[in-house]
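Comments concern the structure below.
The values are calculated or read from the model by the stated rules, or taken from the named source; none is laboratory data. This one's a predicted model, so the numbers in the text were calculated from it and none came from an experiment. Methodologically, a virtual Cβ is constructed for each residue, glycine included, from the backbone with ideal geometry; neighbour enumeration extends over all protein chains shown. Ligands, DNA and RNA are excluded from the accessible area calculation, which covers all protein heavy atoms including side chains. Shrake-Rupley method; radii C 1.70, N 1.55, O 1.52, S 1.80 Å.
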Amino acid sequence: VEASIPEPQREAWKRNQTAAFKSSDEFEKEVVRHVETSLARSMFNCDEKAAYSATSLAFRDRLVLDWNKTQQRQTYRDSKRVYYLSLEFLMGRALDNAMLNVGMKDTAKAGLADLGFRIEDIIGQEHDAALGNGGLGRLAACFLDSLASLDFPAWGYGLRYRYGIFKQEIIDGYQVEVPDYWLDFNPWEFPRHDVTVDVQFFGSVKKVTNEEGKSVAIWEGGEIVVAVAYDVPIPGYDTPTTNNLRLWSSKASGGEFDFQKFNSGDYESSVAEQQRAETISNVLYPNDNLERGKELRLKQQYFWVAASLYDIVRRFKKSKRAWREFPEQVAIQLNDTHPTLAIVELQRILIDVEGLEWDLAWEIVTGTFGYTNHTVLPEALEKWPVGLVQHLLPRHLQIIYDINLFFLQSVEKQFPDDREILTRVSIIEESQPKMVRMAHLAIVGSHKVNGVAELHSDLIKTTIFKDFVEIYGPDRFTNVTNGITPRRWLHQANPRLSELIASKLGSHEFLKDLSQLNKLEVLVQDKDFKKEWAEIKFANKVRLAKYIKETTGVNVNPSALFDVQVKRIHEYKRQQLNIFGVIHRYLTLKAMTPAERKKQMPRVSIFGGKAAPGYWMAKQIIHLINAVGSVVNNDEDIGDLLKVLFLEDYNVSKAEIICPASDISEHISTAGTEASGTSNMKFVLNGGLIIGTCDGANIEITREVGENNIFLFGNLAEDVEDLRHAHTYGSHTIDPDLAKVFEEIQKGTFGSVHDFSAMIAAVKDHGDYYLVSDDFHSYIETHKLVDEAYRNQEEWVVKSITAVARMGFFSSDRCIYEYADGIWNVEPLPRRD
Ligand code: 73E
């Protein structure tokens, strides 16, 4: 349909084109206009929420102009695009980010002040967009920021959950989950009621012979759920490129409800059908590093994958190119195995709908997809019962079996004498019930598989995917070490540090080329610079102390050493090791004379993070932290020497306050379990040092910042297996200091002996799978080194500056260049003025 305006009328359009505001006066005009028209309010009822809404709408208008132009340019140039498929996008707040990325925060600040508002209060009104659990979802958000900032033609595809990750409340020391209804007022999304896709579920497959005598499959019957697109503009930093994040929402195919059923008196069933359809995009599964195999989760996956692929294929077909060119125009990255059905869906579209031959279709499919693995934890590896897939997606199961057949045939040819390898690599696990192994399907259907840090990428090649390295050779496997966007995690979260750096480097260019931070290193001798550096850290700690006071009522001394562990609660991340260490510190302090105590370094131990609602042990860990806090924080012998806090509802916007305020942060997973970690990078980039194990990206952080600027401890990944074996089959002795900690807990010092007994038993009686006891001694000793190092403030600041100067590698911009080069084969598409 021709919708474009005819030539003679275009002059009028050009004359009337919307212009973005350029001054604070123009910005104010826009805000007032939005208050008065979009919100139908006036200066007599404009609260902070309304001012936030109007400010966001003013910025949204700006973004939309750039967004439209970017999309027009990308369509016109028709170069290769990247599609990032992720079930999670942990975006956090958008307004502050939009203001900074378009370079208009100062303008807005002045304008808002003139209208009677403080910009921080306005920014603080926004509800986080929390469509993710943790690192995997936040990584997707950082990648979107980098893709736009580097001018790549790229789209994100995800689900528009009505409920994001739950809000955490702590009641009597226990986690309580409250639904996160975040869509009340969301100015950042554009419903596209005209962009819909019908997604089919259930039904059956019929084989028929077509006119050419070819047997073709017809998938028929079942039910249709409609996917509606909601688009979110993603502004790049210091560039007009504004990319698109498309989130799908589900609705019943009958529209509001089925009128026929309604008229025939079957009102209830028509409403029920609508509700069933809407359920699909209703809620984010709150599990991090855990797959529970729920049917609705598989429905979510297919719904989102089918809608996204339909959209991508539709866009490709507009270019009228030959199908073989598809991989030259389209790169699709699978963020973990969650979107693996996309491989099967594209094969289905090509053979069943477009009539391509299997081999050509399969070449196109494998040329298109890349797969990122994020975890080796067995409980997180996705498997779906064959019966469930058969029921929900009968045609897809057939295609999976065919993919597997051709794959196993080729493996058999390659290794004719090895029957075992076929069982090991098969996409179908011959268990009771049979399962589809999604990681195997993802590897077979992609041209590149990558891990997210060097150790992790090596581990997958030598453990879970070892056979596939034999089959495909090492080149199919690669590493892209994770990164973070310096725009949000330095410039936005720590404006004073960002400005100090900019003043020394002469510009803000480092925000687009983080390697420039290395020019700071010569300044470690500059007294004034060091003083200012330390002052900024202190000011950030004062800000956090104020937040702690407001939210917990506890006074903390900002001069104390702030020790932070904020991340999802998981046994492998070992918050239990941390809290046992805190108890050890408490007991040590209690055993001292007042004179000895005076010589100790004051500590504030800060915890935060959510436990999956069904993860009982993680919830007990939260409970113990809170229980220890209420004893220690009220102990007069201890005073400021030790405070223990659990900060409720850790999320992206809270991380922006917490990261800049840490002196030391903890990244202490059992070696070989944390694929990368990304908060380690955020803390170091903000001038905090870290205590960590030789795991994930900690190892590369050490390589970059130098061993003197990080506190490493604990057993190495290569020794874990033997240690575990020894726990189970040898004699298992518990570290004596840890044993004392256990005794104290069991005495009831922190209440609830019963509640905490399982945590102790996991170490003492159940094989200490996470090596808490093995690492306890070196953990405690390393904390002593931290205390000692912190006494020498002069030296500490040198370490802090040196580490920041060497963090350039961990920008997510570097990741995007590596993906673009090594996996996607795409180039940026900057504006040509
Ligand atoms: O080490 C982190 C990594 O930094 C890893 O645990 C996390 O991904 C981060 C980004 O690469 C991760 N999350 C999940 N798997 N790995 C996961 C699995 C299932 C559901 C939700 C999240």
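Descriptive notes on the structure:
- Any hit, segment 658-676, residues being away from the ligand (no atom under 14 Å from the Cβ) and among the acidic types (D, E): yes
- From the options V197, V205, V176, residue that is open to solvent by less than 10 Å² (accessible area, probe 1.4 Å), more than 16 Å from the ligand (Cβ to nearest atom), among the aliphatic types (A, V, I, L, M) and in a strand (DSSP E or B): V197
- Failed condition for S507, given (1) under 20 Å from the mean Cα position of the chain (by Cα); (2) not in a helix (DSSP H, G or I): (1)
- Here the condition is being at pLDDT 95 or above, crowded, with 18+ Cβ neighbours inside 10 Å and within 16 Å of the ligand (Cβ to nearest atom); of N244, N287, it holds for N287 alone.
- Members of segment 448-487 that are closer than 17 Å to T337 by Cα, within 13 Å of the ligand (Cβ to nearest atom) and assigned to a helix (DSSP H, G or I): H456, S457, I460
- Any hit, segment 742-761, residues being open to solvent by 60 Å² or more (accessible area, probe 1.4 Å), charged (D, E, K, R) and farther than 30 Å from T702 by Cβ: yes
- Filtered residue count, segment 705-739, keeping only those that are within 30 Å of the chain's Cα centre (by Cα) and among the aliphatic types (A, V, I, L, M): 6
- Single residue of segment 700-727 satisfying the filter (in contact with a Gly (Cβ under 9 Å, 6 or more places away or on another chain) and among the hydrophobic types (A, V, I, L, M, F, W, C)) that is nearest to L685 (Cα to Cα): I701
Every residue, every condition in (1) under 14 Å from R806 (Cα atoms); (2) touching a residue at least 60 places away in the same chain (Cβ under 8 Å), yes or no:
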{"residue": "C659", "(1), (2)": "no, yes"}
{"residue": "I664", "(1), (2)": "no, yes"}
{"residue": "K682", "(1), (2)": "yes, yes"}
{"residue": "T702", "(1), (2)": "yes, no"}
{"residue": "N709", "(1), (2)": "yes, yes"}
{"residue": "V720", "(1), (2)": "no, no"}
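Condition check ((1) modelled with pLDDT of 95 or more; (2) over 16 Å from N540 (Cβ atoms); (3) in a loop (DSSP other than H, G, I, E, B)) across all residues:
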| site | (1), (2), (3) |
| --- | --- |
| E656 | yes, no, no |
| S665 | yes, no, no |
| G672 | yes, yes, yes |
| N680 | yes, yes, no |
| I690 | yes, yes, no |
| I699 | yes, yes, no |
| N708 | yes, yes, no |
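- Hits in segment 290-304 (condition: among the basic types (K, R) and surrounded by fewer than 16 Cβ atoms within 10 Å (Cβ to Cβ)): R292, K294
- Candidate set: segment 352-365, residues that are of a type in the set (A, V, I, L, M) and in a helix (DSSP H, G or I); chosen: the one most open to solvent (accessible area, probe 1.4 Å): V353
- Looking across E509, E470, one residue alone is closer than 30 Å to I443 by Cα and of a type in the set (D, E). It is E470.
- The one condition in (1) in contact with a Leu (Cβ under 8 Å, 6 or more places away or on another chain); (2) more than 21 Å from V305 (Cβ to Cβ); (3) open to solvent by 10 Å² or more (accessible area, probe 1.4 Å); (4) more than 16 Å from the ligand (Cβ to nearest atom) that P187 fails to fulfil: (3)
- In this entry, D311 passes the filter for residues that are assigned by TED's automatic domain parsing to the domain that holds L85, away from the ligand (no atom under 16 Å from the Cβ), open to solvent by less than 20 Å² (accessible area, probe 1.4 Å) and among the acidic types (D, E).
- Count of residues meeting criterion [within 12 Å of the ligand (Cβ to nearest atom) and free of Cβ contacts under 8 Å to residues at least 40 places away in the same chain] in segment 295-308: 1
- Test: residue in segment 340-351 that is among the basic types (K, R), assigned to a helix (DSSP H, G or I) and touching a residue at least 24 places away in the same chain (Cβ under 8 Å): yes
- Qualifying residue in segment 257-268 (condition: surrounded by 14 or more Cβ atoms within 10 Å (Cβ to Cβ) and modelled with pLDDT of 95 or more): no
- Summed over segment 478-518, the residues that are among the basic types (K, R) and either touching a Gly at 6+ places or on another chain (Cβ under 9 Å) or open to solvent by less than 10 Å² (accessible area, probe 1.4 Å) (or both) give a count of 2.
- Cross-chain or 6+ apart pairs with Cβ under 7 Å, segment 805-819 first and over 16 Å from A697 (Cα atoms), then among the polar types (S, T, N, Q) and open to solvent by 10 Å² or more (accessible area, probe 1.4 Å): A805/N518
- Hits in segment 762-785 (condition: open to solvent by 30 Å² or more (accessible area, probe 1.4 Å) and part of a helix (DSSP H, G or I)): K764, D774, H777, S778, E781, K784, L785
- Taken together, the residues in segment 727-741 that are free of Cβ contacts under 8 Å to residues at least 24 places away in the same chain and either within 20 Å of Q620 (Cα to Cα) or surrounded by 13 or more Cβ atoms within 10 Å (Cβ to Cβ) (or both) amount to 1.
- Just one of (1) in a helix (DSSP H, G or I); (2) of a type in the set (D, E); (3) modelled with pLDDT of 95 or more fails for D231. It is (1).
- For E357, the stated conditions do not hold, so it cannot be described as out of contact with any helix residue (DSSP H, G or I) (no Cβ under 6 Å at 6 or more places or on another chain) and at pLDDT below 95.
- The lone criterion from (1) more than 18 Å from the chain's Cα centre (by Cα); (2) farther than 20 Å from S811 by Cα; (3) not in a loop (DSSP other than H, G, I, E, B) left unmet by Y83 is number (1).
- Comparison of S653, S605 shows that the only residue that is open to solvent by less than 30 Å² (accessible area, probe 1.4 Å), among the hydroxyl-bearing types (S, T, Y) and farther than 27 Å from D768 by Cα is S653.
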